Amino acid sequence: MRYPLTILLLVLTLIGCMSEDSKEFTRVTIEPVYLDSLSIRAIEPLDADRVWFAANAGRVGLIDKGVPKLATIKYQDSLLNFRSVAATSEAAFVLSIGSPAVLYRIGFDGVEATSIEEVYVESGEGVFYDAMAFWNDLEGIAMGDPVDGCLSIILTSDGGKSWSKVKCTEIPPIKEGEAAFAASNSNIALYGQQAWIVTGGNHARVFHSPDKGSSWEVFDTPIVQGGAMTGIYSVDFRDGQNGIIFGGDWEQKNGNTANKAISSDGGKTWKLVSDGMGPGYRSSVRYVPGTEGRGIVALGSPGISYSTDGGEGWIELSDEGFYALEFVNDSLAFASGRNRIVKLKFE
């Protein structure tokens with residue numbers, strides 16, 4: 001029997017989609033790419049062979065095909081503690097925690113660093129920056145703990161050459177005991193013109209901007225809260241509507257109640273998933289590219305967890321602990337942790 005060409009093409013398309021959809025990981029191979037006596041909580045891959053990192057002891061650098069290109073940065077004779085990193089096509093950026101918070105722009109020609117300059121410095125009580133990200137080569141954002149009653153949010157629109165702080169009158173007020181965690185440089189998620197920032201402590205909420213940080217609103221979540229180390233540690237959005245938040249209680253890492261939730265309305269409302277099941281505390285969560293939100297990997301000091309169904313069910317791929325996770329493609333990611341950066345090859 002002969003079939004019309006259109007039907008044959010439709011069948012082939014469906015077979016291709018089914019093949020892509022059925023791809024699931026069963027294991028992960030962990031390949032070391034950099035070892036040092038550092039706490040590395042922020043990484044930014046450029047491709048499958050190169051990754052920027054920021055760490056404590058003033059150490060920042062680029063690992064290029066296994067070769068470390070490093071710098072040790074001091075500010076007024078003090079070694080800084082870096083937990084935020086971001087990159088554009090022309091530069092990399094590292095931002096220190098604590099006061100003074102210092103943001104450096106490292107010029108990059110694609111092979112070597114060409115310059116380094118301070119582009120933002122902030123001192124004062126409560127200053128503590130947690131995460132940084134860029135929408136594009138010109139526009140970026142960094143966030144930190146509350147100062148003067150609101151989250152600290154700084155923006156750039158000139159490729160990171162200058163930064164300005166958003167006034168507290170433009171940001172919803174923080175609640176008592178609410179702050180953020182500098183655990184994995186993933187307190188911020190960006191998509192289109194939008195930004196989402198997550199908090200923890202006594203309150204676990206999601207701050208949302210529809211216009212690249214010019215205006216803000218805030219939404220409650222059902223994530224565990226009320227303790228110094230409870231709340232949301234990481235956020236990711238796969239498009240303008242669908243996102244996931246993950247965290248828990250750092251002091252009770254096995255607790256898997258009210259520690260993961262998803263949104264389908266741009267962060268306005270959140271629904272707990274796998275509540276009381278699956279992984280407990282995790283410090284970084286990421287959608288697997290190309291899986292339309294079904295594939296999710298979450299990792300933290302207790303190990304690496306994987307979901308094939310949007311967060312409803314989970315399997316444990318490894319009990320090796322890490323802090324931060326960033327995908328390069330649908331089967332390769334970089335992860336960082338205590339004393340190391342690795343490649344994660346999912347199969």
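Only the coordinates and a few stated rules stand behind these numbers; no lab work does. Just so it is clear, the model here is predicted, and its values are computed rather than measured. Counting neighbours? That spans all protein chains shown, and the Cβs are built from the backbone with ideal geometry, glycine included.
Taking other residues whose beta carbon is less than 11 angstrom from the beta carbon of Val67, and scoring Lys, Arg as +1 and Asp, Glu as -1, yields +1. Listed by Cβ neighbour count within 10 Å, with the fewest neighbours leading, Met132, Met277 appear as Met277, Met132. Given +1 at the Cβ of Lys and Arg, -1 at the Cβ of Asp and Glu and no other charges, the dipole of the stretch 70-144 around its Cα centre is 220 debye to the nearest 20. Other residues within the sphere of radius under 12 Å centred on the Cβ of Gly159, judged by their own Cβ, net out at -2 (K and R +1, D and E -1).
Based only on Cα atoms, what mean projected area does the convex hull of the stretch 153-305 have, in nm²?
On the way: hull surface 35.8 nm².
Taking a quarter of the hull surface, the average projection is 8.9 nm².
To the nearest ten degrees, helix 5-21 and the longest principal axis of the Cα atoms of the chain are 50 degrees apart. Between Asp319 and Glu24, the simple spin-label model (points 7 angstrom out along Cα→Cβ) gives 2.3 nm. The distance linking the stretch 205-268 with the stretch 102-176 is 21 Å (Cα centroid to Cα centroid, whole angstrom).
In units of the rule-of-thumb radius 2.2 N^0.38 Å, the chain shows an alpha carbon radius of gyration of 0.99. Dipole size of the chain about its Cα centre, with +1 on Lys/Arg Cβ and -1 on Asp/Glu Cβ: approximately 400 debye, rounded to the nearest 20. Structure remark: mean-square fluctuation, Gaussian network model of the chain, C-alpha springs under 10 Å; the largest value among Val127, Val51, Val285 belongs to Val127.
Kindly put Asp145, Asp130, Asp77, Asp330 in sequence by how many other C-beta atoms sit within 10 Å of each C-beta, fewest to most. Please report the intermediate quantities before stating the final value.
Details: Asp145 20, Asp130 29, Asp77 5, Asp330 15.
The fewest-first ordering by Cβ neighbours comes to Asp77, Asp330, Asp145, Asp130.
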